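Have a look at the structure below before the remarks.
The values are calculated or read from the model by the stated rules, or taken from the named source; none is laboratory data. Owing to the predicted nature of the structure, the values given are computational and were not obtained by experimental measurement. Cβ atoms come from the backbone with ideal geometry, glycine included; neighbour counts cover every protein chain shown.
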Amino acid sequence: MGPINNYNMHKSILILGACGQIGTELTLALRERYGNQQVIASDIREGSAQLMASGPFEMLDATNYGALEDVVMHYEIEEVYLMAAMLSATAEKFPMRAWNLNMNSLFNVLNLAKDKKIGKVFWPSSIAVFGPNTPKENTPQHTIMEPSTVYGVSKQSGERWCDYYHKKFGVDVRSIRYPGLISWKTAPGGGTTDFAVDIYIQAIKEGKYSCFVSEETRLPMMYMDDAIRATLAIMDADAEQIRVRSSYNLAAMSFSPADMAASIREHIPGFSIDYEPDFRQAIADSWPSSIDDSEAQKDWGWSPEFDLEKTTREMLTNLK
Ligand SMILES: NC(=O)c1ccc[n+]([C@@H]2O[C@H](COP(=O)([O-])OP(=O)(O)OC[C@H]3O[C@@H](n4cnc5c(N)ncnc54)[C@H](O)[C@@H]3O)[C@@H](O)[C@H]2O)c1
């Protein structure tokens with residue numbers, strides 16, 4: 001039997017922060033593709049029963065270089081996906097912890113690649129790299145970036161280091177600026193767009209929702225299946241195709257909580273929503289409303305499949 005695809009079916013992959021909102025689904029997707037034993041999940045806590053049962057797991061702190069190197073050597077890891085981080089809302093409460101986690105875990109992985117102990121790195125950035133002075137609509141790939149949150153500062157710095165390690169040391173690091181991600185398998189981990197998941201959970205449970213950002217707050221969003229597909233696609237691409245080595249803008253849809261409420265009412269007519277903005281409103285206000293991702297489309301063929309209507313249908317069906 002010949003190879004079914006052009007990717008190496010036997011490579012070993014390590015996911016750091018595998019038990020989080022993205023890591024859980026990414027691990028399952030990678031295991032389906034490369035085989036359960038080839039994909040090592042790791043985190044500082046255990047994950048869902050489905051994740052834990054599906055393949056190898058290591059308790060591993062991504063900021064501990066020695067422990068990380070041991071796992072990489074033990075499993076002969078070729079690719080690392082660094083999903084461990086402190087997210088935007090939590091990082092405002094613990095700035096130094098966020099900085100230390102977000103930066104040190106990245107340096108550890110970049111240095112392993114620089115020393116040729118691993119071959120390829122995926123590290124996610126975020127729309128949080130933009131700030132209040134960035135053009136809000138159709139935000140370009142290259143534009144003013146003056147993030148006003150601890151999280152955004154760490155992601156912006158991380159992007160510069162990724163680009164530097166690529167140019168200076170030839171490190172094959174690939175990155176996407178994820179928008180707010182919507183999924184039902186694993187709860188979100190303290191970001192500003194968590195409302196876009198909670199709204200569906202509460203719509204089913206209570207028929208109503210109290211939203212922590214205002215009704216007209218329009219943000220770039222994406223359904224998890226699209227985010228996973230984008231992640232696999234950028235990692236599959238030939239190295240020459242990846243011309244942006246900081247991080248790619250990535251988009252699928254943009255909407256406000258009011259748009260979400262209208263979409264939910266198509267399925268749950270009595271659904272009601274009220275608005276009690278808290279400290280997360282200021283974070284949301286500093287971010288773009290929509291993103292120009294034409295470079296990702298052009299360089300590695302990105303195209304989303306989920307709009308709001310399809311997302312709502314998937315979320316309500318699966319959460320029930
Ligand atoms: N979810 C989103 O909407 C979104 C949007 C943009 C970017 N991102 C980025 O994607 C990545 C994953 O995000 P997520 O939503 O899955 O986050 P999450 O908070 O759901 O998961 C992060 C995981 O990292 C683990 N972790 C924390 N400290 C660790 C450490 N020292 N060592 C190892 N693991 C540790 C946590 O236990 C958790 O399971 C992050 O870099 C985040 O900034 C997420």
Of everything in segment 14-72 that's of a type in the set (Asp, Glu) and in contact with a helix residue (DSSP H, G or I) (Cβ under 8 Å, 6 or more places away or on another chain), which residue is surrounded by the most Cβ atoms within 10 Å (Cβ to Cβ)?
ASP43
How many residues does segment 110-140 hold that are away from the ligand (no atom under 11 Å from the Cβ) and either aliphatic (A, V, I, L, M) or more than 15 Å from PRO179 (Cα to Cα) (or both)?
16
Which of (1) touching a Leu at 6+ places or on another chain (Cβ under 9 Å); (2) part of a helix (DSSP H, G or I) is the odd one out, the single condition VAL171 does not satisfy?
(2)
Just to be sure before I move on: is SER247 closer than 20 Å to MET103 by Cα, crowded, with 18+ Cβ neighbours inside 10 Å, in contact with a Ser or Thr (Cβ under 9 Å, 6 or more places away or on another chain) and at pLDDT 95 or above in the structure I sent?
yes
Residue list for segment 143-160, filter: surrounded by fewer than 18 Cβ atoms within 10 Å (Cβ to Cβ) and under 20 Å from the mean Cα position of the chain (by Cα):
MET145, SER148, SER157, ARG160
Qualifying residues in segment 293-318 (those that are buried (at least 18 other Cβ atoms within 10 Å of the Cβ) and touching a strand residue (DSSP E or B) at 6+ places or on another chain (Cβ under 6 Å)) - the one farthest from GLU266 (Cα to Cα)
ALA296
Taking MET96, is it more than 10 Å from the ligand (Cβ to nearest atom) and within 30 Å of ALA282 (Cα to Cα)?
yes
Among the residues of segment 211-250 satisfying the criterion of being among the acidic types (Asp, Glu) and in a helix (DSSP H, G or I), which is farthest from ILE127 (Cα to Cα)?
GLU240
Residue pairs, Cβ under 6 Å, 6 or more apart or interchain, first in segment 93-114 and touching a residue at least 60 places away in the same chain (Cβ under 8 Å), second in a helix (DSSP H, G or I). List them.
LEU110/TYR165
Subset of segment 205-229 (residues that are in contact with a Ser or Thr (Cβ under 9 Å, 6 or more places away or on another chain) and surrounded by fewer than 17 Cβ atoms within 10 Å (Cβ to Cβ)):
GLY207, LYS208, SER214, GLU215, GLU216
List every residue pair whose Cβ atoms sit under 6 Å apart, with the two residues 6 or more apart in sequence or on different chains, where the first one lies in segment 30-49 and is away from the ligand (no atom under 16 Å from the Cβ) and the second, anywhere, is of a type in the set (Ser, Thr, Tyr).
ARG31/SER54; ASN36/SER54; GLN38/SER12
Just the residues that are out of contact with any Phe, Trp or Tyr (no Cβ under 9 Å at 6 or more places or on another chain) and β-branched (Val, Ile, Thr), please, taken from segment 194-216.
ILE204
Output the helices (runs of 4 or more DSSP H) that fall wholly within segment 252-320 and possess 3 or more residues being more than 28 Å from ILE176 (Cβ to Cβ), or say none.
257-265
Condition broken by GLN202, with the remaining ones in (1) surrounded by fewer than 18 Cβ atoms within 10 Å (Cβ to Cβ); (2) without any contact (Cβ under 8 Å) to a residue 60 or more places away in the chain satisfied
(1)
One residue is enough: does segment 144-157 have a residue meeting the conditions part of a loop (DSSP other than H, G, I, E, B), among the charged types (D, E, K, R) and closer than 23 Å to MET224 by Cβ?
no
